[in-house]
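Data first, discussion second: the structure below is written as structure tokens.
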Amino acid sequence: MSFFERLNRLFPLWAILFAVVAVIQPGWFTGLAGDIQALLALIMFAMGLTLSKEDFLGVVRSPLPVGLGVMLQFLVMPLAALGVSLLLGLSTAVTTGMVLVGATAGGTASNVMTWLAGGRVALSVSMTLVSTLASVVATPLITWLLVGQAVDVPVWGMLLSIARLVIGPIVVGVVVHHFLARQIHRVEPALATLAMAAIVLIIAIVVGLNVDNLASLGPIVALAVIAHNAIGLGGGYGISRLCGFDKPTARTVAIEVGMQNSGLAVALANQFFTSTAALPGALFSVWHNVSGSLLAGYWKRRPVDTGEPEAAVIR
């Protein structure tokens, strides 16, 4: 295992560490609030660099599980976010942030967690790809449908922003990968480390911006985030099994549905709403990596045959 791979496995630890530092020294990070969008674009570019034509063909090869995963992504998670928010009596700003998290695509870390959990890595990559592309339209529309009565949701502005921050960098990354695939394959762990560092920095910035709210909002928002994530993981696995998919596929769907692109939710909240609305996304970024790691470790000790060659496990 390389140095970068060891570093990447400690992702949850780095996220918690930088969040704690941001609480103690918020001034180190609050001045970087304007860089959140650039950091997100960097993450998406790094993701694009790892995508090949095989990843796109994977969507065609596994349409049913990919379709189920994406449907649950944009159905279970947004509704769960709203339901948890209403049940806990969260403010409009925090509820908006919760719904934004629920309405985003699957997180890029889900591919690594799927590998660790003994799931289907190629399927995970396909689901992340499709949900990310669909999020351009789905995220603003779902947010508008669920919280548009309580807060002004600039659907068109969000749509353009997602296209610029997500699709644009991914397309550029894919093009670069096409010409430099061999060189990129050698540095993939370093690319993952770069994306991890950007996510950790985004978390620290949002925590720093909300340090005055953490005492009052932190515990209840943390509870909401934990419940939301658990619904995604449990619902993804349970519904997949009810639909007749095998355990490796169900594990993959569970992780894909439960782990969100919370960095995008943070960027959108910070751009179109308030720093308070970005708090759920920051806490989700920390927690879903912790819960994903714990679940992946649990499943790793209970292996099942994935039927997938080891060479496919590259992320």
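The values are calculated or read from the model by the stated rules, or taken from the named source; none is laboratory data. Computed from a predicted structure; not experimentally measured. As a convention, Cβ positions derive from the backbone with ideal geometry for all residues, glycine included, and neighbour counts pool all protein chains shown.
Key figures
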| read-out | value |
| --- | --- |
| Residues being of a type in the set (Phe, Trp, Tyr) and either modelled with pLDDT under 90 or not in a helix (DSSP H, G or I) (or both) - total across the range 48-97 | 1 |
| Restricting the range 148-160 to residues that are assigned to a helix (DSSP H, G or I) and without any contact (Cβ under 8 Å) to a residue 24 or more places away in the chain, the residue that is surrounded by the fewest Cβ atoms within 10 Å (Cβ to Cβ) | 156 |
| Condition met for residue 145 (in a helix (DSSP H, G or I), without any contact (Cβ under 8 Å) to a residue 24 or more places away in the chain, over 25 Å from residue 237 (Cα atoms) and hydrophobic (A, V, I, L, M, F, W, C)) | yes |
| So residue 239, is it surrounded by fewer than 24 Cβ atoms within 10 Å (Cβ to Cβ) and more than 18 Å from the chain's Cα centre (by Cα) | yes |
| Meets criteria (among the aromatic types (Phe, Trp, Tyr) and over 24 Å from residue 84 (Cα atoms)) for residue 156 | yes |
| Some residue of the range 58-76 being under 19 Å from residue 286 (Cα atoms) and of a type in the set (A, V, I, L, M, F, W, C) | no |
| Test: residue in the range 98-106 that is in contact (Cβ under 8 Å) with a residue 24 or more places away in the chain, of a type in the set (A, V, I, L, M) and not in a helix (DSSP H, G or I) | yes |
| Residue 185 surrounded by fewer than 16 Cβ atoms within 10 Å (Cβ to Cβ) and more than 18 Å from the chain's Cα centre (by Cα) | yes |
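Residue-wise test of (1) surrounded by 20 or more Cβ atoms within 10 Å (Cβ to Cβ); (2) assigned to a helix (DSSP H, G or I).
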{"site": "162", "(1), (2)": "yes, yes"}
{"site": "167", "(1), (2)": "no, yes"}
{"site": "173", "(1), (2)": "yes, yes"}
{"site": "244", "(1), (2)": "no, no"}
{"site": "252", "(1), (2)": "yes, yes"}
